[in-house]
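Quick notes on the structure that follows.
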Amino acid sequence: MLVLAIETSCDETSVAVLRAPEAVAAPEVLSNIVLSQDEVHAPYGGVVPELASRQHIKTIAAIVGEALTRAGVGLEKIDLYTVTQGPGLIGSLLVGLSFAKGLAYYHKKPLVGADHLEAHLEACFLENTGIEYPVLGLLVSGGHTALYLMEEPLSYKLLGKTRDDAAGEALDKIAKFLGLGYPGGPVIEKLGRGGDPKAFPFAVPRTKDRSLDFSFSGLKTAALKHIREHGIAKDDARLPDFLASFEEVIARTLVDNLRRAADAVQPRSLVLCGGVARNTRLRARFQDFAREAGLPAYIPSPKLCTDNAAMVGALALKKFARRPDPATDLDLDAYAR
Ligand code: KG4
Ligand code: ZN
């Protein structure tokens, strides 16, 4: 069985072709094309929704074509279509959704809707078979920061989420404030390399009720205060120390909550996913904790951490295997949150 997956929830136009697994094997990713719009949004220091949807419209047909070519299959061979329904930017989502509906309707094939956050959590399963449930998942992206308990396949119980900024958003905003470019996470990682993560004293924030929720707006304010007080600027010699310290406290905050969640739910494995999971420092802190807890830990390879359609295909294949429905669902709708 071949699935064609489309992801346009934010500022990446992505299309993947996957082949369904034999027995317990992971699906085979035949192609996974990701066209980033970073250059379009960089001058604004963040995603401009109207520009994002226009860009998806311009590129979606070519990206579908490229994904099929790289996979070496024609549209007539596709058995199943899938597309991200949400959460995300509504205009962007509608481009992918309409395109997928058109393809599925024309070719009289089933169409499965996918949740973007569930898809991020499924990315790990593309590269690893035998991840044992219950799985505790930490999802860290530009739009979301959340902890999930997956007790069995396709079950996602939200344990805690950010009450304000997402971790990636905090990185992006500080980078924007310092004029370092967009997206902020990768720039901060690059410029902070070699910096002393203890140079600036950031405290790990804790929510008053000790819930598993996150809050990053306080850290952002603390960072802005340091920038003002120490006069830190783009070409400052202290910039690497500052960025390394900020990155370190974000990683520690994330892993702190993960530790408390693991104590509470006693998982058998740990998963880290989402765009910020590309970050070397966070990956290291996550692995340190996993070793300390004696739990197997999984992180997707970098390309599968940031938005991509292969993870959407992985989710759809699981959903379709559980409840095969040959109908093309033209009522499928997009949702922003
Ligand atoms: O998952 P994703 O591609 O899109 C959303 O669903 O939000 O995540 C994008 C986020 C951005 O905030 C970006 O700055 C961050 O992931 N990011 C990183 C790195 N690469 C991307 N953050 C830290 N270090 C990185 N290497
Ligand atoms: Zn995402």
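Results, tabulated for the structure shown:
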read-out: Within the range 1-107, helices (runs of 4 or more DSSP H) holding 3 or more residues that are touching a strand residue (DSSP E or B) at 6+ places or on another chain (Cβ under 8 Å); value: 49-71, 90-106
read-out: Conditions (1) within 16 Å of ligand 1 (Cβ to nearest atom); (2) surrounded by 24 or more Cβ atoms within 10 Å (Cβ to Cβ); (3) over 26 Å from P296 (Cβ atoms); number of the one not met by A123; value: (3)
read-out: Matching residues, the range 176-205, being under 13 Å from Y44 (Cα atoms) and of a type in the set (D, E, K, R); value: K176
read-out: Qualifying residue in the range 47-56 (condition: surrounded by fewer than 17 Cβ atoms within 10 Å (Cβ to Cβ) and over 22 Å from A166 (Cβ atoms)); value: yes
read-out: Extreme residue, nearest to L103 (Cα to Cα), among residues of the range 59-74 that are over 23 Å from the mean Cα position of the chain (by Cα) and surrounded by 15 or more Cβ atoms within 10 Å (Cβ to Cβ); value: L68
read-out: Counted residues, the range 116-133 - those being within 16 Å of ligand 2 (Cβ to nearest atom), in contact with a Phe, Trp or Tyr (Cβ under 8 Å, 6 or more places away or on another chain) and not aliphatic (A, V, I, L, M); value: 2
read-out: Criterion: crowded, with 18+ Cβ neighbours inside 10 Å, more than 18 Å from the chain's Cα centre (by Cα), in a helix (DSSP H, G or I) and in contact (Cβ under 8 Å) with a residue 12 or more places away in the chain - qualifying residue of L191, L171, L117; value: L191
read-out: Residues satisfying the stated conditions in the range 264-295, i.e. among the aliphatic types (A, V, I, L, M), over 16 Å from the mean Cα position of the chain (by Cα) and assigned to a helix (DSSP H, G or I); value: A264, V265, A284, A290, A293
read-out: Given (1) surrounded by 19 or more Cβ atoms within 10 Å (Cβ to Cβ); (2) at pLDDT 95 or above, number of the condition I90 does not satisfy; value: (1)
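The values are calculated or read from the model by the stated rules, or taken from the named source; none is laboratory data. Here the structure is a predicted model, which is why all the values come from computation and not from measurement. As a convention, Cβ positions derive from the backbone with ideal geometry for all residues, glycine included, and neighbour counts pool all protein chains shown.
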